[in-house]
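The values are calculated or read from the model by the stated rules, or taken from the named source; none is laboratory data. Being a predicted model, the structure only gives us computed values, none of them experimental. FYI the Cβ positions are ideal-geometry reconstructions off the backbone, even for glycines, and counts take in every protein chain you see. Accessible surface areas use protein heavy atoms only, side chains included; no ligands, DNA or RNA. Shrake-Rupley method; radii C 1.70, N 1.55, O 1.52, S 1.80 Å.
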Amino acid sequence: MYDFCIIFSMFFIYSVLGFIAELFFCSLVDKRIVLNRGFLIGPYCPIYGVAVVIMATTLKRYAPDPIIVFSMGALISTFLEYTTSYIMEKIFKTRWWDYSNESFNVNGRVCLKNSILFGIGSLIVIYITDDIFLKFIGYFNRETFIILNLFLMVVFITDVIISTFIILKIRRNSELTKKDMTDEIKERVKYELSKNLILTKRLLNSFPIVFKNIRGIVNKLDLKKYSKK
């Protein structure tokens, strides 16, 4: 259990750091402060956590050769990003990110720029942050560390379930508004979304392109009107 908690804590911490990195780089690109990124409601992007866990468990043996670390880190992360994009598109019937405007992209799912950044990130993980992480978890006794990680697991799994449910509901309502823009359908969409307005807005703001056709409806919700229903 302790060894599993070490892996999970690595996954969780780097998922949070990945979320922060997303906010930083997206804010630079958009030239405004971006506060919402990621598939889940909580402040973490699991794809980063998964990538780092894979890197930490497979690339450490290649530490003497930074070129191999860079190359394999870039390849692993790029493959993971492409696979995640493909799977999420199949599940939710929509594209979550699109790099079609970037040079040297593959089906808009991955691009050379990101692959290079992933490679640099793998160097940072293997040569800098991995040791810091191991020292950090060393401050906890085994029992406290296990309990803390079990709690975080429950929080994370609950988030995945709730986020998936809300996104599927939004996706279903989004398709309705595409098929029929009558007042009756719009009223139904408003009512359904108002039940989880805060969580819904968090997800809408994270991926505005995905839900652009209903974002305006959500932002104009009249809570007083629907709270009476």
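Applying 1/(1 + (r/R0)^6) with r as the Cβ-Cβ distance of Ile162 and Leu117 and R0 = 35 angstrom yields a FRET efficiency of 0.70. For segment 53-179, what class follows from the C-alpha gyration tensor (a ≥ b ≥ c being the square roots of its eigenvalues): rounded when a/c is under 1.5, otherwise prolate if a/b is larger than b/c, else oblate? The shape class here is oblate. Couplings 3J(HN,Hα) for segment 45-57, derived from phi with the Karplus relation 6.51 cos²θ - 1.76 cosθ + 1.60 (θ = phi - 60°), are 10, x, 4, 5, x, 5, 4, 5, 4, 5, 4, 5, 8 Hz, where x marks Gly and Pro. Holding the Cα-Cα limit at 19 Å, pick out from Lys93/Lys169; Lys31/Lys93; Lys90/Lys169 the pairs that are longer than that. Going by Cα-Cα distance, Lys31/Lys93 fall outside the 19 Å limit. Surface calculation, 1.4 Å probe, protein heavy atoms: Asp98 sits at approximately 90 Å² accessible.
Only protein heavy atoms count here; under a 1.4 Å probe, Val160 has an accessible surface of about 50 Å².
As a test of reading the structure, rank Glu81, Glu22 by solvent-accessible area (1.4 Å probe, protein chains only), most first. Each step should come with its number before you reach the end.
Working: Glu81 10, Glu22 40 Å².
In descending accessible area the options line up as Glu22, Glu81.
Using a Förster radius of 22 Å, what is the FRET efficiency between Phe136 and Thr57 based on their Cβ-Cβ separation? Nearest 0.05, please. It would help to have the intermediate numbers written out before the result.
Working: r = 18 Å, r/R0 = 0.81.
Once the sixth-power term is evaluated, E becomes 0.80.
Please give the FRET efficiency for Ser27 paired with Glu143, using the beta carbon to beta carbon distance and R0 = 45 Å, rounded to the nearest 0.05. It would help to have the intermediate numbers written out before the result.
Details: r = 40 Å, r/R0 = 0.88.
Once rounded, the FRET efficiency stands at 0.70.
When both segment 135-169 and segment 75-121 are represented by their alpha-carbon centers, they are found 26 Å apart. Overall, the accessible surface of segment 74-146 at a probe of 1.4 angstrom is composed of carbon and sulfur to the extent of 66 percent.
Stretching the chain fully between Phe104 and Tyr127 yields a gain of 5.5 nm (0.36 nm per residue, less the alpha carbon separation).
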